[in-house]
Amino acid sequence: MEDMGGMLDGVGRMYQQLDEKLSAKGGMGSLVGMHRKIREIMESISVGELESLLGEILKAREALNRLQEDVLEIRILKEAYSSAAVRLSSPAQRLS
């Protein structure tokens, strides 16, 4: 939890430094304005919201892992059925 807060503070400081550099150079008003909006949005995101988002990402990852396992199982079954069908349809198998 504290690490997340520290990271957010670090990101905020980085945006502040970038904003100061851009302001010092001049001529980049629209970029600075966009930067400020992004910074305001970043500051408005709570740690709870980030934890919730992380939880959703983890759930999606688990679901994708299960789906990958299911696809692999289906491929194996398909190969087994295809192999069995080929063996059953071969002429040597029909004679026995």
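The values are calculated or read from the model by the stated rules, or taken from the named source; none is laboratory data. No experiment lies behind these values; they were computed from the predicted model shown. Using ideal geometry, Cβ is built from the backbone for each residue, glycine included, and neighbour counts are taken over all protein chains shown.
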* **Boolean, E56 is modelled with pLDDT of 90 or more, out of contact with any Gly (no Cβ under 9 Å at 6 or more places or on another chain) and more than 30 Å from M7 (Cβ to Cβ)** => no
* Looking at (1) at pLDDT 75 or above; (2) surrounded by 12 or more Cβ atoms within 10 Å (Cβ to Cβ), which is the one condition that is false for E49? -> (2)
